[in-house]
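Take a look at the structure set out below.
The values are calculated or read from the model by the stated rules, or taken from the named source; none is laboratory data. Quick caveat: nothing in here was measured; it's all calculated off a predicted structure. Counting neighbours? That spans all protein chains shown, and the Cβs are built from the backbone with ideal geometry, glycine included. Ligands, DNA and RNA are stripped out before the accessible areas are found, and what is left, the full protein with its side chains, is counted by its heavy atoms. Shrake-Rupley method; radii C 1.70, N 1.55, O 1.52, S 1.80 Å.
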Amino acid sequence: MLVIEEKLTELSSMKKYPDKLYYAGDKELLKKKKISIVGSRKPTKYSKMMIQNLSSLLAKNGVCVVSGGAMGIDAVAHNGAGSQNTIAVLPCGIDIRYPAVNKNLLNSIEKNGLLISQFELGEKSRAYSFVQRNEVVVALGDLLVVGEADLNSGTMRSVEFALAMQKDIYVLPQRIGESVATNKLVQEGKAKVIYDIEAFVLEFVGKDKLHVDNESDEFLTFCSNNPSYEEVLAKYPSRVFEAELNGEISVQNGRVFQTN
């Protein structure tokens, strides 16, 4: 098992620097600009679509997305960035795939991106380990984006860490009655709202123009022939997820169809 020997300056804002940090994958991702993204395990379709778009655009412009490998917003953020542009911080040993539903995602991140854990091999997740994991997730990013959150949720523990570390917190504009916790953060002046994803990314990366590749057109051209879902997934593993969320394609009887 590989250990990160050098001290990471990003983690100096933590209450206590981890005794050890184990990793698997591409450690060079730690040198890139990073944004932490967290949120609900059961987000709305709107929140998933916005976080997918945000993380995808960040990755295309040289920003690494950091999250906790969990279901919901975490998984969407990792998928949106692509496994080669993301860091997953685990609440368990680096050899354990938790949650099991994200096994393929975490395997892909280990192969192409970076997995980090402060826990020994074989160590299972505990209540305290999620809190410790969340602190590392927040510390690694230059700022924190909260996709969606309820009051008294685990996500709000991450917000507490960000406030203590004096990191900027950003949220999505949400409807009244949805994502009550993030709306409250805005109301209290503790978070800023991302009203324009492109403008937000431009400001963060310090560019006048964003890089957007032409994969979208190639993807839709490929889908126009109604290939099987397995064929599309093999050729465009990150794009197919985004297209489903955006309503660009539908899957019927194992085949992909354009919807617009």
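What to note about this one:
- Comparison of Lys209, Lys184 shows that the only residue that is charged (D, E, K, R), closer than 21 Å to Lys33 by Cα and out of contact with any Gly (no Cβ under 7 Å at 6 or more places or on another chain) is Lys209.
Condition check ((1) among the aliphatic types (A, V, I, L, M); (2) under 30 Å from Val256 (Cβ atoms); (3) in contact with a Pro (Cβ under 6 Å, 6 or more places away or on another chain); (4) surrounded by 13 or more Cβ atoms within 10 Å (Cβ to Cβ)) across all residues:
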position: Gln166; (1), (2), (3), (4): no, no, no, no
position: Leu172; (1), (2), (3), (4): yes, yes, no, yes
position: Val180; (1), (2), (3), (4): yes, no, no, yes
position: Gly189; (1), (2), (3), (4): no, no, no, no
position: Lys192; (1), (2), (3), (4): no, no, no, yes
position: Ile197; (1), (2), (3), (4): yes, yes, no, yes
position: Val212; (1), (2), (3), (4): yes, yes, no, no
position: Ser224; (1), (2), (3), (4): no, yes, no, no
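- Look at (1) assigned to a helix (DSSP H, G or I); (2) surrounded by 17 or more Cβ atoms within 10 Å (Cβ to Cβ) and you find that Leu220 fails only one, number (2).
- The set of residues in region 165-202 that are aliphatic (A, V, I, L, M) and free of Cβ contacts under 8 Å to residues at least 40 places away in the same chain comprises Ile169, Val171, Ile176, Val180, Ala181, Leu185, Val186, Val193, Ala199, Leu202.
- Test: residue in region 21-42 that is aromatic (Phe, Trp, Tyr) and closer than 18 Å to Val66 by Cβ: yes
- Checked against (1) open to solvent by less than 50 Å² (accessible area, probe 1.4 Å); (2) outside any loop (DSSP other than H, G, I, E, B); (3) in contact with a strand residue (DSSP E or B) (Cβ under 6 Å, 6 or more places away or on another chain), Ser129 meets all criteria but (3).
- Cross-chain or 6+ apart pairs with Cβ under 9 Å, region 12-30 first and farther than 22 Å from Leu106 by Cα and free of Cβ contacts under 8 Å to residues at least 40 places away in the same chain, then of a type in the set (A, V, I, L, M, F, W, C) and in a loop (DSSP other than H, G, I, E, B): Tyr17/Leu8
- Where a residue in region 45-66 is farther than 20 Å from Leu114 by Cβ and open to solvent by 10 Å² or more (accessible area, probe 1.4 Å) and its partner, wherever it lies, is of a type in the set (Lys, Arg) and not in a helix (DSSP H, G or I), with Cβ under 9 Å and at least six apart: Tyr46/Arg175
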